[in-house]
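**Student:** Pasting a structure here, questions to come.
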Amino acid sequence: MQALTPAAAAIELRGIDKSFGVVHAVRGVSLRIEAGTITGIVGENGAGKSTLMSILYGLYRADAGEIWVDGQPVEMTSPRDAIAYGIGMVHQHFMLIDTFTVLENMVLGAEGGLMLAGGLAAARAELVRLGRDYGLTIDPDARVADLSVGEQQRVEILKVLFRGARTLILDEPSAVLTPQETDRLFRILQTLKARGVTVVLITHKLREIMAATDRVYVMRQGQIVAERRTIDTGTEDLAELMVGRKVRLDLDKSPSRHGEILLQAEHLSLIDGRGVRLLDDIGIELRAGEIVGIAGVTGNGQSELLQVLAGIRPPSGGRLTVCGHALDARHPGNPAEMRTLGLAHVPEDRLRQGLVAAFEASETSILGYQDGPPFTRNYLLDGPAVGAHCARLMERFDVRPRSPSLRSSSFSGGNQQKLVLAREIARQPKVLLVGQPTRGVDIGAIEFIHRELVKARDAGCAVLVVSVELDEILSLADRILVMFAGRIVGEVAPDRADERRLGLMMAGADAA
Amino acid sequence: MRAPRRPLPTWAEIVLLPLVNIALAFLVVGVIVAIIGVDPFHALRLLVVGAIGSSESTGYTLYYATNFAFTGLAVAVAFHAGLFNIGGEGQAYIGGLGCGLAILALDGWLPGWLLIPLAIAASALFGAAWAAVPAWAQAWRGSHIVITTIMFNFVASALMVYLMVNVLIAPGSMTPQSRTFAPSGRIPAMHDALAAIGITVAPSALNLTIVLAVLCCVGVWVFLWHTPWGYALRTMGHNPEAAIYAGTNPRRMTMLAMCLSGALAGFVGVNELMGVHHRIVLDFPAGYGFAGIAVALMGRSHPLGIALAALLFGALQQGGTELAFEIPSITREMVVVIQGLVILFSGALAHLPRPWLQLLLARRAS
Amino acid sequence: MDEAFSFVLLMLASTLRVATPLVLCAMGGLFSEKSGIVDVGLEGKMLMAAFFAAATASVTGSAWAGVAAAILAAEALALLHGLACITYRGNQVVSGVAINILAAGLTVVLGTAWFARGGQTPPLLEGQRLMPLFLPRAGDNVLVYVALLSVPLTWWIIARTRFGLRLRAVGEMPLAVDAAGLSVAWLRYRAVLLCGLLAGLAGAYLSIGQNAGFSRDMTAGQGFIALAAIIFGKWRPLPAFAACLIFGLLDAMAIRLQGVRVPGVGEVPVQLIQAMPYLLTMFLLAGFIGRAVAPKAAGVPYEKEH
């Protein structure tokens, strides 16, 4: 009797290895993805998941290993090959041309001829069909810049299907979506699965793995450390596998004892050059000794709020009082002034705002504080004082390697963030604004940073934390404010908050 | 498929790579020279001898180097702020106008020890002012500084021609130049200054302005790496958002950086007009402004590197002039070609030799 | 009435004559800029092309050989720029400046070495130049018509063809183009080569169409004016063409106004008129245009980490 050969997997990776200089990003990874399933690949930031998928999609070339598609070994030299083999990728940062329409973005690379007119007409018809089959409707003539984030993601998926993809790779798709939009996305994925499309989901969110996938691979430090059927596992099991040890997902903190109001925003508004209301009638009170968390999906005004509070952008209307000093549109503050008032700011994007990659760590450690004593005497920078300061910061905040003369870009994400946080907290500020404190930071550093924020709170600082990670807000905050479309749409106490309710508020659907 | 750019060891980055870049430039020059029908090695020998072969030629080399140092520093300061100042020609021209005007107005009234610093300050002021307009346009209007500084070079040229022909021309002169400066408005030549303390060197155009150049190199170094304003300037150059976060006003910093840059370029006028010609003449910037870009690139925008690069360019200029003298089919423009090639290989194609250097160094290490 | 009419006609003809190299350079520069490669070296390409056009026409006796040589020379520099910017990811402005300086020096060095006239080429005879086609005294040689045609052609290529779509995409977000399976480098090289072609034609026009030979630095900043025209036109062909015409008109008026006493002002200094295009460019750049939006990826070398 003949043994039945097992059905060929849609995708198989054998022994994939990839290094970038000294960084060994992917070590000997082998996995199978069965056709018509939703497979999750989960791991912390820097575990190698995105690199692995980029190799599959032809953006990177593996140093060693093989890629098999539908039972055949293939050469993946560029995305063109991947597309030819029916593999499509929806990236975390959308590959969309803002100034083009949906239709133009769809046909890019598959225009169907030298002249555009014919290709565009054919694409339009195809778009209608795809909308019908998969429930993905979108206006073909809309400019991408005018679409919402969820709609833009839909365009990305349509683009991939338009090219005839049978395997869809999604890289952190829910990073920019509300919980409701995420649910909608997963319903779409189920529809795709029903029509025989294979889906690979890269994420670090354990709840999504549990909700959406059939199988899951866990990656840690470039290797596959576990493979499970999703029904056989749970979030704690996966978390432990991701990190390699038992992880405390809850922070132990004493209740806050708050004191005087240190920062007060009244009817704060911000209108940009095109008349768009970025901030609308914002009212916030920050008291000494409490942590206020601002929850919301990226792009709802949180970044702008931080900029206004930190003095980087003047408000268009309303009033801001910081440690007794009142500021408004006609008397705008500036970051330097805010610092002298006792405000410190850990920016959302440490690489773009919080540090200078090319500077040594010691120079980064005085960013924003370089004028005047103790770092400047007699108009000259005091090199030794700066170096000593940096060494002290690194010691106290366990920044590794402990080298003040090392370029700032050479530190890992977690250590960079600790350095920035150290710089701001070491001034013993009265008000501390923190944006995305643990973005791109490994779990060990996350615990450290959270504890430091609580310590600052206990020492009497008024802390404002803006984060897109609901778990972080839930564990850190004494009070939770939710922002949507530039407004504060509700305030919730953490012990009475749940993800569903917060998610609805974040989507503007529940007026608390 | 390109390998990610791994940095070479520091010594290779700062010394070896720039040297290889220059060597490549010279290789191409050799080819061009050969095409014209001249023996490249003969030309090279003439070049070197012409540059440093005698006390007189060394003097000229240093005199040229002074100008290159000023424009190199000017471009470098702007580079550190993330700005591309191509207006060195115009700023040098107008800077010269500044010191010239100061001297023409006051050389009958003030003694040298008062007039000379005043005129130097005037050249800085005028050079800074000429850079300030494009700076303002960039900072407050977003107009690209590359285009505006280029435009201003042309405007400076037209302005100077107009002034020289119609306003400042010395009475009875056939060529557009001002009257001669009184002795109180002249910077002593080096051979005179040295003679006064008993050292004899052959006469050349080298004058005491070179002292100003050295002071500027030191001053720029202190400013950029040892003052809070230099720190803020460099921050803006690396990362404008971080500079804003740190409390720097990017518009004011742009103005500051460009004005400093223009002032430095303006000092070329001091060297040329107060040190050599002793009158205002046309076309004295003569390409120093553009060459300053090459000097800054080769010197990696660091004052020490710029000083060395300026010496090299000075040698090239002097050697090239001698070469053109000796060989009629090679014109003075060959120096311009060399400058252009150096900019190309040190600036745009700077990373070309990397893969080979990395291979070479890896092989030596193993 | 007749005088006014013929004056207008003369001005129009003058304008076109002056604007032709600007239009050709501007259209060429548009392709490059749209693809994300900043090109400050239009001046140098045009100058080198002008030299080789005149030199070749003088030696071979054929104007068309001159045109071909001009194109080859400009393309050589364009390839150099492409190599530096695309393959070696160098600084694009620096590369352009280097090309300008190189061209300025090399044209005189070669000119002196080959013709021994202090940088000039020998004056060209009628058969060696491009002669007017229809209007004998208006200077409308074939390249003027090519320039006029290049404007709608450029518009059509960019707006209506597959290449144009991809070109615009690569200037906005090269990563998206890469992810779509297309070659960013090949697209940009084609843009740069198109730029070289048009700049070469502009140079040929200068030395063997408009004038009768090459003289040193004969481009006199027109490459930069073309760049300014691109920016005025906000990187679109028809407005850029209009800007070129405005500058052409200015220059045509400048020659008329020399020595003329304008009421209330007196005699306008010739240098002011010469500086007018540059001043106007500055004025418009600082005043009305303000923040014209360049292709988003312009000036940034595209790095793929493989």
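The values are calculated or read from the model by the stated rules, or taken from the named source; none is laboratory data. Since we're looking at a predicted model, the values are computed, not measured. All Cβ positions, even for glycine, are placed from backbone atoms using ideal geometry, and neighbour counts span all protein chains on display. Note: areas computed on protein heavy atoms with side chains; ligands, DNA, RNA excluded. Shrake-Rupley method; radii C 1.70, N 1.55, O 1.52, S 1.80 Å.
**Student:** For C:Pro132, state whether it is open to solvent by 80 Å² or more (accessible area, probe 1.4 Å) and at pLDDT below 80.
**Tutor:** Taking the combined requirement at face value, the residue does not satisfy it.
**Student:** Here are some conditions: (1) surrounded by fewer than 22 Cβ atoms within 10 Å (Cβ to Cβ); (2) at pLDDT 85 or above. A:Val463 meets all but one. Which one does it not meet?
**Tutor:** Looking at each condition in turn, A:Val463 falls short on (1).
**Student:** Collect the residues in the range C:247-297 that are within 30 Å of C:Leu182 (Cα to Cα) and at pLDDT below 75, keeping them in residue-number order.
**Tutor:** C:Ala292, C:Val293, C:Ala294, C:Lys296
**Student:** Take the residues of the range A:298-316 that are crowded, with 24+ Cβ neighbours inside 10 Å and among the aliphatic types (A, V, I, L, M): which is nearest to the chain's Cα centre (by Cα)?
**Tutor:** Among those that are crowded, with 24+ Cβ neighbours inside 10 Å and among the aliphatic types (A, V, I, L, M), it is A:Leu305.
**Student:** Which of the residues belonging to the range A:334-361 are more than 9 Å from chain B (Cβ to nearest Cβ) and crowded, with 24+ Cβ neighbours inside 10 Å?
**Tutor:** Correct list: A:Leu343, A:Ala344, A:Val346, A:Arg350, A:Ala361.
**Student:** Restricting the search to the range B:301-336, which residues are of a type in the set (Val, Ile, Thr) and modelled with pLDDT under 90?
**Tutor:** Answer for the range B:301-336, where residues must be of a type in the set (Val, Ile, Thr) and modelled with pLDDT under 90: B:Thr321, B:Ile327, B:Ile330, B:Thr331, B:Val335, B:Val336.
**Student:** Any idea how many residues of the range A:402-429 are open to solvent by 60 Å² or more (accessible area, probe 1.4 Å) and either part of a helix (DSSP H, G or I) or within 19 Å of A:Glu447 (Cα to Cα) (or both)?
**Tutor:** Qualifying residue count, the range A:402-429: 1.
**Student:** Only one of these is buried (at least 22 other Cβ atoms within 10 Å of the Cβ) and either over 29 Å from C:Leu110 (Cα atoms) or free of Cβ contacts under 8 Å to residues at least 24 places away in the same chain (or both): B:Met255, B:Met274. Name it.
**Tutor:** None of the others qualify; the one that does is B:Met274.
**Student:** Quick one: how many residues across the range B:233-249 are more than 7 Å from chain A (Cβ to nearest Cβ) and without any contact (Cβ under 8 Å) to a residue 24 or more places away in the chain?
**Tutor:** 3
**Student:** Does the range A:127-137 include one or more residues that are under 22 Å from A:Thr37 (Cα atoms), at pLDDT below 90, among the aromatic types (Phe, Trp, Tyr) and not in a strand (DSSP E or B)?
**Tutor:** Yes, some residue in the range A:127-137 is under 22 Å from A:Thr37 (Cα atoms), at pLDDT below 90, among the aromatic types (Phe, Trp, Tyr) and not in a strand (DSSP E or B).
**Student:** Name the single residue that is most open to solvent (accessible area, probe 1.4 Å) among those in the range B:115-140 being in contact with a Cys (Cβ under 7 Å, 6 or more places away or on another chain) and away from chain C (no Cβ under 14 Å).
**Tutor:** Result: B:Ile120.
**Student:** Taking into account only those residues within the range A:347-356 that are modelled with pLDDT of 90 or more and among the aliphatic types (A, V, I, L, M), which is farthest from A:Arg423 (Cα to Cα)?
**Tutor:** A:Val356
**Student:** While we're looking at this one, here's another question. Go through (1) open to solvent by less than 10 Å² (accessible area, probe 1.4 Å); (2) at pLDDT below 90; (3) within 14 Å of chain B (Cβ to nearest Cβ); (4) under 24 Å from B:Val33 (Cβ atoms) and name the single condition C:Val108 misses.
**Tutor:** (2)
**Student:** Of everything in the range A:70-84, what is surrounded by 20 or more Cβ atoms within 10 Å (Cβ to Cβ) and more than 7 Å from chain C (Cβ to nearest Cβ)? Give them in sequence order.
**Tutor:** If the condition is that a residue be surrounded by 20 or more Cβ atoms within 10 Å (Cβ to Cβ) and more than 7 Å from chain C (Cβ to nearest Cβ), then A:Met76, A:Ala82 are the ones that fit.
**Student:** Taking the stated definitions as given, is A:Asp98 away from chain C (no Cβ under 12 Å) and in a loop (DSSP other than H, G, I, E, B)? Spell out how you get there, then give the answer.
**Tutor:** Working: away from chain C (no Cβ under 12 Å): no; in a loop (DSSP other than H, G, I, E, B): yes.
It is false that A:Asp98 is away from chain C (no Cβ under 12 Å) and in a loop (DSSP other than H, G, I, E, B).
**Student:** In addition: State yes or no: is A:Ile67 over 19 Å from A:Gln152 (Cα atoms), more than 10 Å from chain C (Cβ to nearest Cβ), of a type in the set (A, V, I, L, M) and under 31 Å from the mean Cα position of the chain (by Cα)?
**Tutor:** Numbers: over 19 Å from A:Gln152 (Cα atoms): yes; more than 10 Å from chain C (Cβ to nearest Cβ): yes; of a type in the set (A, V, I, L, M): yes; under 31 Å from the mean Cα position of the chain (by Cα): yes.
When the stated conditions are applied, A:Ile67 passes them.
**Student:** Is it the case that some residue within the range A:11-28 is within 25 Å of the chain's Cα centre (by Cα) and surrounded by 24 or more Cβ atoms within 10 Å (Cβ to Cβ)?
**Tutor:** yes
**Student:** Identify, please: which residue in the range A:364-401 is open to solvent by 20 Å² or more (accessible area, probe 1.4 Å) and under 28 Å from the mean Cα position of the chain (by Cα) and is, among those, nearest to the other protein chains (Cβ to nearest Cβ)?
**Tutor:** A:Pro401
**Student:** Cβ contacts < 8 Å: first residue more than 10 Å from chain C (Cβ to nearest Cβ) and open to solvent by 20 Å² or more (accessible area, probe 1.4 Å), restricted to the range B:340-363; second residue assigned to a helix (DSSP H, G or I) and not aliphatic (A, V, I, L, M), any location; separation 6+ or different chain. Result?
**Tutor:** Short answer, once both residue conditions are applied: none.
**Student:** Restricted to the range A:165-174, and to residues that are of a type outside the set (Asp, Glu) and open to solvent by less than 40 Å² (accessible area, probe 1.4 Å), which residue is modelled with the lowest pLDDT?
**Tutor:** Among them, the one singled out is A:Ser174.
**Student:** Quick check on this structure: which one of A:Gln180, A:Gln190 is assigned to a helix (DSSP H, G or I), at pLDDT 90 or above and either of a type in the set (S, T, N, Q) or surrounded by 23 or more Cβ atoms within 10 Å (Cβ to Cβ) (or both)?
**Tutor:** Exactly one residue qualifies, and that residue is A:Gln190.
**Student:** While we're on this one: Of the residues in the range C:179-203, how many are within 14 Å of chain A (Cβ to nearest Cβ) and either assigned to a helix (DSSP H, G or I) or among the aliphatic types (A, V, I, L, M) (or both)?
**Tutor:** Of all residues in the range C:179-203, those within 14 Å of chain A (Cβ to nearest Cβ) come to C:179-187, C:190.
The next check asks that each one be either assigned to a helix (DSSP H, G or I) or among the aliphatic types (A, V, I, L, M) (or both); those that pass are C:179-180, C:182, C:184-187, C:190.
Residues that pass the stated criteria total 8.
**Student:** Check C:Leu30, C:Leu102, C:Leu79 and return the single one that is open to solvent by 10 Å² or more (accessible area, probe 1.4 Å) and either charged (D, E, K, R) or away from chain B (no Cβ under 12 Å) (or both).
**Tutor:** C:Leu79
**Student:** State which residue is most open to solvent (accessible area, probe 1.4 Å) when the search covers only the range B:141-154 and only residues that are at the interface with chain C (Cβ under 8 Å from one of its Cβ atoms) and hydrophobic (A, V, I, L, M, F, W, C).
**Tutor:** Checking each candidate, the answer is B:Phe154.
The rows are residues; the columns are (1) under 29 Å from B:Ala132 (Cα atoms); (2) charged (D, E, K, R); (3) touching a Gly at 6+ places or on another chain (Cβ under 7 Å).
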{"position": "B:His277", "(1), (2), (3)": "yes, no, no"}
{"position": "B:Pro285", "(1), (2), (3)": "yes, no, no"}
{"position": "B:Leu304", "(1), (2), (3)": "yes, no, no"}
{"position": "B:Phe325", "(1), (2), (3)": "no, no, no"}
{"position": "B:Val335", "(1), (2), (3)": "no, no, yes"}
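**Student:** Mind listing whichever residues of the range C:131-178 are farther than 30 Å from C:Ala212 by Cβ and part of a loop (DSSP other than H, G, I, E, B)? Even if it seems obvious, please write down each step before you answer.
**Tutor:** Of the residues in the range C:131-178, the ones farther than 30 Å from C:Ala212 by Cβ are C:152, C:155-178.
If the condition is that a residue be farther than 30 Å from C:Ala212 by Cβ and part of a loop (DSSP other than H, G, I, E, B), then C:Met173 is the only one that fits.
**Student:** Same structure again: Listed residues B:Gly237, B:Gly230, B:Gly219, B:Gly198; which is among the small types (Gly, Ala, Ser), open to solvent by 10 Å² or more (accessible area, probe 1.4 Å) and under 27 Å from A:Pro332 (Cα atoms)?
**Tutor:** Step by step, each of B:Gly237, B:Gly230, B:Gly219, B:Gly198 is checked, and only B:Gly237 is among the small types (Gly, Ala, Ser), open to solvent by 10 Å² or more (accessible area, probe 1.4 Å) and under 27 Å from A:Pro332 (Cα atoms).
**Student:** Mind checking whether some residue in the range C:55-70 is within 14 Å of chain B (Cβ to nearest Cβ) and crowded, with 24+ Cβ neighbours inside 10 Å?
**Tutor:** Looking for residues that are within 14 Å of chain B (Cβ to nearest Cβ) and crowded, with 24+ Cβ neighbours inside 10 Å, one finds at least one in the range C:55-70, hence yes.
**Student:** Still on this structure, I have one more. Does B:Leu110 meet the test of being in a helix (DSSP H, G or I) and either more than 14 Å from chain C (Cβ to nearest Cβ) or in contact with a strand residue (DSSP E or B) (Cβ under 7 Å, 6 or more places away or on another chain) (or both)?
**Tutor:** no
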